[in-house]
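The values are calculated or read from the model by the stated rules, or taken from the named source; none is laboratory data. If you're wondering where the values come from, they're calculated on a predicted model, not measured in any experiment. Glycine gets a Cβ as well: all are built from the backbone with ideal geometry, and neighbour counts include every protein chain shown.
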Amino acid sequence: MKILLKNCKLIEGLKDIIIEDDKIVDIKPCEWSKTFAMVDSFDQVIDIKNKLVIPGMIDAHVHVRDMEQNNKETWETASLAALTGGVTTIIDMPNTIPATTNLKGLNAKREAAKKAKLNYKFHLGATENNLQELEQILKSYSFDIAGIKIFLAGSSSNEVVADESKLKEIFKLAKKYDKVVLVHTELQSCLDKWQQKIAEKTIQNHDILRNRKCAIEGTKLVLELANKIGNKLYICHVSTREEIELIRKAKQKSTNIFCEITPHHLTLEESVLNSVGNFGKVNPPLRTKDDNNALLEAVIDSTIDCVGSDHAPHTIDEKIEDYSIAPSGFPGLETTLPILITEFIERKIPLSRLVELTSTKPAEIFEFKKRGKIEKEFYADLAVIDAEHAFPIIAAKFNSKAKYSPFDGMIGQAKVKFTFVNGNSKLPFGRGDVRYLPDRGVYYDE
Ligand code: DOR
Ligand code: ZN
């Protein structure tokens, strides 16, 4: 199958992309395809009409659920949500039921993930007692394992690693098998103190109850430990200025420290909770304008390596429960690229930086070979985006089962029109405005 994508607005300028089967085989100046004879030799010719084309997003932080929580999301619905959002590769988190903390749990997940319509890997979950099981997997079956996830606090169906000596052992194991350790750094002992201290349990107090000090303390702890042991460390969803400063310093000493932010910690402040309530309940919590600014500075100076969606679907019925009962997290696969592109355009940050954060760096860190760039011989994982018009975010139209979002109703400056995974064009499925154009044999969202 040979496909010609004409008039693609790449970061480097207007080009034609030639795809053969699952790979990009050539990138040419647009004048090249003007002759009819050339165009005739393709199975499919798609005019991208000068729209933005970037590498599909590689999202290293996704909670697909499925299995015993298939009411929240399945690999099919997560895939469709991802494709709608221009995400072509995901790495699934281990706090599923069953958990991905041993071979049995991993195999159950492997079975569920056969329904995926995109590229994927898994993060294994570390507990205080599963070191041997992790080693058994890493020794013999680790082709689809991206990293080892540790939660220093309870958040959603996850086991906590509280014992520092266990933490060290996990770091050493990760080093031995050259795997990245990902950490949710809020510290449980610290959270417990704040729970005791603050009587009023309301969504408006979420960022006081899950106090910033707890995330800062945990980040400090794992940076110190990684510095001693020398393993690769990836700090998930950094939310505070203080953590940014700690990470910036640590990165001066080591090339093994990586970190991630989410679109919500970058662009939303906690005051939004007055209007969105529990739909904006997430761990770590939304913080302040000053924290948004610190994350933005760190995006610009490249302290941040990746953006992850932290797609964490729960049912709407659960989310409308009282604050103390409602689970934390919300869907993010369909909003991450639109929100980020909008933010980058508004702040005049080059889109080349966005591509590093969403594709190139995650491909490098989590070893997706020949992905994350639009280059000859790379897989044809592409997102075609209209960044010229304003589009509202409408959660009710999500393909995720979780049809709510703290971004609901916001006007974005970007909409994903096509997503290609391994050279196959995939629809932003389920949209009312998607049309089938029989003359071209492709779907196009006009
Ligand atoms: O808000 C969150 N939700 N934070 C996490 O760390 C876990 C996630 C989930 O799995 O729902
Ligand atoms: Zn998460």
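Condition first: crowded, with 23+ Cβ neighbours inside 10 Å, within 18 Å of Asp59 (Cα to Cα) and within 16 Å of ligand 2 (Cβ to nearest atom). Can you find one or more residues in region 347-363 that meet it? The answer is yes; a qualifying residue exists.
Apart from one condition, Leu134 fits all of (1) at pLDDT 95 or above; (2) assigned to a helix (DSSP H, G or I); (3) more than 16 Å from ligand 2 (Cβ to nearest atom); (4) within 30 Å of Leu382 (Cα to Cα); the exception is (4). Scanning region 369-424 for residues that are surrounded by 20 or more Cβ atoms within 10 Å (Cβ to Cβ) and either free of Cβ contacts under 8 Å to residues at least 12 places away in the same chain or among the polar types (S, T, N, Q) (or both) yields a count of 4. Name the pairs: first residue in region 313-338 and within 17 Å of Gln413 (Cα to Cα) and in a loop (DSSP other than H, G, I, E, B), second residue more than 14 Å from ligand 1 (Cβ to nearest atom) and among the hydroxyl-bearing types (Ser, Thr, Tyr), Cβ to Cβ under 8 Å, at least 6 apart or on different chains? Cβ pairs passing all conditions: Leu333/Thr84; Glu334/Thr84. Within region 223-242, the set of residues being within 16 Å of ligand 2 (Cβ to nearest atom) and either more than 24 Å from Ala312 (Cα to Cα) or assigned to a helix (DSSP H, G or I) (or both) is empty.
How many residues does region 320-343 hold that are closer than 27 Å to Met57 by Cβ and more than 16 Å from ligand 2 (Cβ to nearest atom)? Can you show your working first?
Here is the first cut: in region 320-343, the residues closer than 27 Å to Met57 by Cβ are 327-343.
Within this subset, residues satisfying the condition of being more than 16 Å from ligand 2 (Cβ to nearest atom) are 334, 337-343.
Counting residues in region 320-343 that are closer than 27 Å to Met57 by Cβ and more than 16 Å from ligand 2 (Cβ to nearest atom) gives 8.
For the residues Thr100, Thr89, Thr96, Thr74, the requirement of being over 25 Å from Thr360 (Cα atoms), within 20 Å of the chain's Cα centre (by Cα), more than 16 Å from ligand 2 (Cβ to nearest atom) and crowded, with 18+ Cβ neighbours inside 10 Å singles out Thr74.
Entry remark, region 137-182: residues being more than 16 Å from ligand 2 (Cβ to nearest atom), more than 17 Å from Gly230 (Cβ to Cβ) and part of a loop (DSSP other than H, G, I, E, B) number 3 in total. Under the condition of being aliphatic (A, V, I, L, M) and within 16 Å of ligand 1 (Cβ to nearest atom), which residue from region 219-260 is surrounded by the fewest Cβ atoms within 10 Å (Cβ to Cβ)? The residue in question is Val222.
Screening Ile58 with (1) within 16 Å of ligand 1 (Cβ to nearest atom); (2) crowded, with 24+ Cβ neighbours inside 10 Å; (3) within 15 Å of Gly308 (Cβ to Cβ); (4) at pLDDT 95 or above gives one miss only, at (1). Taken over region 162-192, the criterion of being surrounded by fewer than 23 Cβ atoms within 10 Å (Cβ to Cβ), within 16 Å of ligand 1 (Cβ to nearest atom) and either more than 26 Å from His206 (Cβ to Cβ) or within 25 Å of the chain's Cα centre (by Cα) (or both) is satisfied by Gln188 alone.
Checked against (1) surrounded by 21 or more Cβ atoms within 10 Å (Cβ to Cβ); (2) more than 16 Å from ligand 1 (Cβ to nearest atom), Gln195 passes all but condition (1). What do you reckon, is Ala82 closer than 21 Å to Leu351 by Cβ, in contact (Cβ under 8 Å) with a residue 12 or more places away in the chain and buried (at least 21 other Cβ atoms within 10 Å of the Cβ)? So Ala82 fits the description; yes. Evaluate the following for Lys121: is it in contact with an Asp or Glu (Cβ under 7 Å, 6 or more places away or on another chain) and away from ligand 1 (no atom under 16 Å from the Cβ)? Taking the combined requirement at face value, the residue satisfies it. Restricting attention to region 354-402, the residues being at positive phi and out of contact with any Pro (no Cβ under 6 Å at 6 or more places or on another chain) number 3.
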